[in-house]
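The values are calculated or read from the model by the stated rules, or taken from the named source; none is laboratory data. What you see is a predicted model; the values in this text were computed from it and never measured. Ideal geometry is used to build each Cβ from the backbone, glycine not excepted, and the neighbour counts take in all protein chains shown.
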Amino acid sequence: MSLSDEQRRFYENTLKVTKAEIDQLEGDIQAELAKVKERLADLQNAQKAARQMYGAACLRLGIPNDLEEAEEP
């Protein structure tokens, strides 16, 4: 079954529009991933700093650091 000129134009336009939409969505996905990665890095840095402070407090109190023990395999 062959397409009429009108049908062909419709499908060609559909291809063009949906390709642009897919490209836009890919850009949006990459931007959101970058935000998530940045947020995770911030949280990991905060956790590292908190663990350092916790470890220092344990040293000052002369008690074992239970978080270090929990990390060991």
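Just a few scattered comments:
- So residue 51, is it among the basic types (Lys, Arg) and loosely packed, with under 10 Cβ neighbours inside 10 Å: no
- Boolean, residue 26 is under 27 Å from the mean Cα position of the chain (by Cα), assigned to a helix (DSSP H, G or I) and among the acidic types (Asp, Glu): yes
- Evaluation of residue 70 against (1) part of a helix (DSSP H, G or I); (2) among the hydrophobic types (A, V, I, L, M, F, W, C); (3) at pLDDT below 95; (4) surrounded by 10 or more Cβ atoms within 10 Å (Cβ to Cβ) (one fails), failing number: (4)
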